[in-house]
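Read through the structure below, which is laid out as structure tokens, and then see the notes.
The values are calculated or read from the model by the stated rules, or taken from the named source; none is laboratory data. All figures in this text were calculated on a predicted structure; none of them were measured in a lab. Using ideal geometry, Cβ is built from the backbone for each residue, glycine included, and neighbour counts are taken over all protein chains shown. The area values use the complete protein model at the heavy-atom level, side chains included, leaving out ligands, DNA and RNA. Shrake-Rupley method; radii C 1.70, N 1.55, O 1.52, S 1.80 Å.
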Amino acid sequence: FSFFHVVGVTEWELGTNMLDRMTNIARLRQAMDAAGQKQIPLHVFGALDPLSTVLYFLAGAEIFDGLTWLRYAYADARCVYRHNHAALTFPLDMRDELAHSQIMVSNYYYLRRLEGQLRDFCSTGGVDFTKLQPLDSQFRPVGPNLAEFLKSTMDTLNGRLAGT
């Protein structure tokens, strides 16, 4: 690993379900750390949606990319078909091109807020899952059970890694 500045994997080569993908990210991160390569970040290609980014980050990945931010609207930690989002958010007669450009801008800011949330989460030592709550357009938390889901997911992942 020492010859690489970044180690990248595609989301789909990591496994056939979310828990397998998270487990493989965690095992890769553990192996790299054990080899003295903590400074080399893990890059997951094809994973830049609100929920996958958080789950893979919790498992040990640090860099994400993907095209979902161009294809879908981000809302409440989910990707939503952009025409449906436009119908619920904008006037029904708004041109698709205008709605699409507004959704891309909104997604960009969603990702920036998510980056801040991940940094805030790290500043708590990785224990305050409420820092990862999705925010609505007025920056209020939505989805009160997301923190519980994330904590439970981490407990499941840690149990799998421990062999239980």
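Diagonalising the gyration tensor over the Cα atoms of the chain and scaling each eigenvalue by 5 before taking the square root yields semi-axes of 31, 18, 14 Å, largest first.
A full extension of the chain between Ala35 and Asp96 corresponds to an added length of 16.9 nm, given 0.36 nm per residue minus the alpha carbon distance. Mean-square fluctuation check for the chain, GNM, Cα pairs under 10 Å: which of Pro91, Pro50, Pro41 is largest? Among Pro91, Pro50, Pro41, the largest GNM mean-square fluctuation belongs to Pro91. What the Cβ-Cβ distance of Asp120 and Thr16 gives, at R0 = 41 Å and to the nearest 0.05, is a FRET efficiency of 0.80.
Just to confirm the filter: which trypsin sites (Lys or Arg not before Pro) across the range 1-104 are DSSP coil and have at most 15 other Cβ within 10 angstrom of their Cβ? Can you show the working numbers first?
Details: sites: Arg21, Arg27, Arg29, Lys38, Arg71, Arg78, Arg82, Arg95; in loops: Lys38, Arg95.
When the trypsin sites (Lys or Arg not before Pro) of the range 1-104 are filtered for loop state and at most 15 Cβ neighbours within 10 Å, Lys38, Arg95 remain.
Taking a span of 15 Å or more along the helix axis (Cα atoms) and a mean Kyte-Doolittle hydropathy of at least -0.5 as the rule, the DSSP H helices of the chain that qualify are 18-34, 146-162.
In the elastic network of the chain, a GNM with C-alpha springs shorter than 10 Å, the most mobile of Leu92, Leu118, Leu28 is Leu92. Potential lengthening of the chain between Asn24 and Val6 amounts to 4.8 nm, from the contour at 0.36 nm per residue minus the alpha-carbon distance.
With a probe of 1.4 Å, find how much accessible area the chain has per residue, and write the answer as a whole number in Å². All intermediate terms of the calculation are to be shown ahead of the outcome.
Values: 9570 Å² over 164 residues.
I get 58 Å² per residue for the chain.
Of interest is the spacing of the C-alpha centroids, which for the range 1-45 and the range 89-109 amounts to 35 Å.
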